[in-house]
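Notes follow once the structure below has been shown.
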Amino acid sequence: MSDKASSKNKTTEKKTSEGIGGGSLGQALLVPVLAVVTGLILGGIVMLATGSNPIQAYGALFAGAFGTPSTIIAGFQTYFATGDNAELVKSLYPFTESLVTATPYIFAGLSVALGFRAGLFNIGAEGQFFIGALCSAYVGYSIKDLPMIIHLPLAIGAGALGGAIWGMIPGYLKARFGAHEVVNTIMMNWIAFRLSDWLLSGPMQASNFRPVTPNVAASAELPRFFEDPLRFNLGFFLALLFAYFVYWFLFKTTLGFEVRSVGANPDASKYAGMNIIRNFVLVMSIAGGLAGLAGAAQVLGVEHWVGQGFSSGYGFDAIAVALLGKSHPVGVVLAALLFGFLRSGATNMQSIASIPVDIISIIQGLVIV
């Protein structure tokens with residue numbers, strides 16, 4: 001009896017740790033690696049079938065994502081010899097740009113992954129991204145003469161709060177009325193899109209004919225570590241910090257255990273006395289806040305303004321990032337880096353090897369499959 005009970009407890013513990021699309025740390029590390037290798041091989045087959053050279057294409061892809069070692073070494077040599085960092089900055093641009101691209105993927109991927117862990121499909125990360133960006137931009141440009149130590153946290157917090165409110169609404173509807181979160185989050189996406197169109201063409205429009213906000217104040221910008229044209233900024237390390245926070249919340253707190261338990265078996269969790277309504281609302285609020293932070297990081301660290309079409313589908317791609325990362329924070333970070341490298345290197349692959357950028361979308365799809 002004791003052996004059977006022990007086996008049953010282990011099975012229950014495993015289910016609780018995984019949730020929807022979830023997995024262990026080992027799976028979160030192994031699956032992205034295997035998926036990348038498989039995706040690249042199958043992508044190469046697709047290129048061969050279309051008459052392209054996969055070796056040349058992948059060479060251009062990696063050069064666009066990481067830079068070339070010889071150029072980077074030469075840049076360091078020139079810098080140490082003459083003190084001129086222009087060549088070094090140019091050589092580091094591809095790699096730093098990949099990290100910049102990966103930053104919103106980390107935030108948004110964590111948002112979707114957290115929902116998966118609770119058994120919820122947060123399809124609304126794109127709308128939450130927009131709302132977070134708009135809230136951060138408004139606080140960033142409307143408040144003047146504040147020191148950075150106050151202004152920047154306010155702008156970041158506004159983005160997180162806006163996204164959290166946008167995520168809380170479908171979470172409450174799910175918990176209170178049983179309304180399906182997929183339908184509600186999709187509807188909230190469209191509301192966010194149309195709301196942003198109105199705001200950017202009216203109350204938040206800068207004093208010109210373009211549907212964009214004014215630039216945020218310098219005191220609300222995330223600090224950059226290098227001079228232009230490098231855009232690598234503090235947002236990347238904030239994303240890693242929040243990835244650790246999500247890991248700590250899920251696996252080191254009682255509330256996180258409840259979230260995973262609800263995701264694995266809501267009925268059993270309710271029978272055990274867990275508050276299902278509170279967990280649904282809490283998870284969707286935190287998930288929305290994370291997606292809002294993705295928008296905040298993009299506007300405060302990279303663009304410094306919001307315009308129509310501000311997001312390039314980060315919130316939707318985040319679903320694939322969360323699935324590839326097995327809904328584990330470490331796996332999400334790795335998957336986000338992969339998507340950042342692929343997206344950053346795609347332009348170089350298209351210009352150097354004359355490979356359509358759509359091939360990257362095919363590779364991303366193959367990686368998920």
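The values are calculated or read from the model by the stated rules, or taken from the named source; none is laboratory data. Not measured: the values here are computed from a predicted model. Glycine also receives a Cβ, built like all others from the backbone with ideal geometry; neighbour counts cover every protein chain displayed.
Considering region 118-130 alone, what residues qualify as being buried (at least 24 other Cβ atoms within 10 Å of the Cβ) and within 12 Å of Gly315 (Cα to Cα)?
Listed by number, the residues that qualify are Asn122, Gly124, Ala125, Glu126, Gly127, Gln128, Phe129, Phe130.
Mind checking which residues of region 193-221 are outside any helix (DSSP H, G or I) and among the hydroxyl-bearing types (Ser, Thr, Tyr)? Lay out the reasoning, then the answer.
Taking region 193-221 and keeping what is outside any helix (DSSP H, G or I), we get 201-217, 221.
The answer is Ser201, Ser207, Thr213.
So Gly163 fits all but one of (1) within 12 Å of Ala287 (Cβ to Cβ); (2) among the small types (Gly, Ala, Ser); (3) surrounded by fewer than 19 Cβ atoms within 10 Å (Cβ to Cβ); what number is the exception?
Unmet for Gly163, out of (1) within 12 Å of Ala287 (Cβ to Cβ); (2) among the small types (Gly, Ala, Ser); (3) surrounded by fewer than 19 Cβ atoms within 10 Å (Cβ to Cβ): (3).
Scan region 344-358 residue by residue and report those that are surrounded by fewer than 23 Cβ atoms within 10 Å (Cβ to Cβ) and either in contact with a Leu (Cβ under 7 Å, 6 or more places away or on another chain) or not in a loop (DSSP other than H, G, I, E, B) (or both).
Thr347, Asn348, Gln350, Ser351, Ile352, Ala353, Asp358, listed by residue number.
From Tyr105, Tyr172, Tyr141, which residue is assigned to a helix (DSSP H, G or I), over 20 Å from the mean Cα position of the chain (by Cα), within 30 Å of Pro266 (Cβ to Cβ) and hydroxyl-bearing (Ser, Thr, Tyr)? Quick ask: steps written out before the conclusion?
Numbers: Tyr105 fails: over 20 Å from the mean Cα position of the chain (by Cα); Tyr141 fails: within 30 Å of Pro266 (Cβ to Cβ).
Exactly one residue qualifies, and that residue is Tyr172.
Which residue, of Arg194, Arg224, is within 18 Å of Gly292 (Cα to Cα), among the charged types (D, E, K, R) and under 25 Å from the mean Cα position of the chain (by Cα)? Full working, then the answer.
Working: Arg224 fails: within 18 Å of Gly292 (Cα to Cα).
Step by step, each of Arg194, Arg224 is checked, and only Arg194 is within 18 Å of Gly292 (Cα to Cα), among the charged types (D, E, K, R) and under 25 Å from the mean Cα position of the chain (by Cα).
Could you count how many residues in region 307-327 are assigned to a helix (DSSP H, G or I), more than 10 Å from the chain's Cα centre (by Cα) and either of a type in the set (S, T, N, Q) or crowded, with 24+ Cβ neighbours inside 10 Å (or both)?
Qualifying residue count, region 307-327: 1.
List the number of the failed condition for Val262; all other conditions in (1) hydrophobic (A, V, I, L, M, F, W, C); (2) touching a Phe, Trp or Tyr at 6+ places or on another chain (Cβ under 9 Å); (3) assigned to a loop (DSSP other than H, G, I, E, B) hold.
Condition not satisfied by Val262: (3).
Which count do you get for residues in region 266-294 that are surrounded by fewer than 16 Cβ atoms within 10 Å (Cβ to Cβ) and out of contact with any helix residue (DSSP H, G or I) (no Cβ under 6 Å at 6 or more places or on another chain)? So that I can check it myself, show each step before the final result.
Taking region 266-294 as the starting set, the residues that turn out to be surrounded by fewer than 16 Cβ atoms within 10 Å (Cβ to Cβ) are 267-268, 270-273, 275, 277-278.
Those still in the list that are out of contact with any helix residue (DSSP H, G or I) (no Cβ under 6 Å at 6 or more places or on another chain) too: 267-268, 271-273, 275, 278.
Of the residues in that region, 7 qualify.
Considering only residues of region 131-160 that are under 26 Å from Asn184 (Cα atoms) and β-branched (Val, Ile, Thr), which is surrounded by the most Cβ atoms within 10 Å (Cβ to Cβ)?
Within region 131-160, the match that is surrounded by the most Cβ atoms within 10 Å (Cβ to Cβ) is Ile131.
Please list, ordered by first then second residue, the pairs with beta carbon atoms under 8 Å, 6 or more apart or interchain, first in region 174-195 and of a type in the set (Ser, Thr, Tyr), second not in a helix (DSSP H, G or I).
Sorted first by the residue in region 174-195, then by its partner, the pairs are Thr185/Phe121; Thr185/Asn122; Thr185/Ile123; Thr185/Gly124.
Tell me whether region 335-358 contains one or more residues that are in contact with a helix residue (DSSP H, G or I) (Cβ under 6 Å, 6 or more places away or on another chain) and on the phi > 0 side of the Ramachandran plot.
No, region 335-358 has no match at all.
Kindly provide the set of residues from region 25-41 that are at pLDDT below 75, among the hydrophobic types (A, V, I, L, M, F, W, C) and buried (at least 19 other Cβ atoms within 10 Å of the Cβ), ordered by number.
Ala28, Val31
Give all pairs with beta carbons closer than 7 Å in which a residue from region 39-51 that is closer than 22 Å to Leu338 by Cβ meets a residue that is of a type in the set (Gly, Ala, Ser) and surrounded by 12 or more Cβ atoms within 10 Å (Cβ to Cβ); count only pairs at least 6 apart in sequence or on separate chains.
Met47/Ala57
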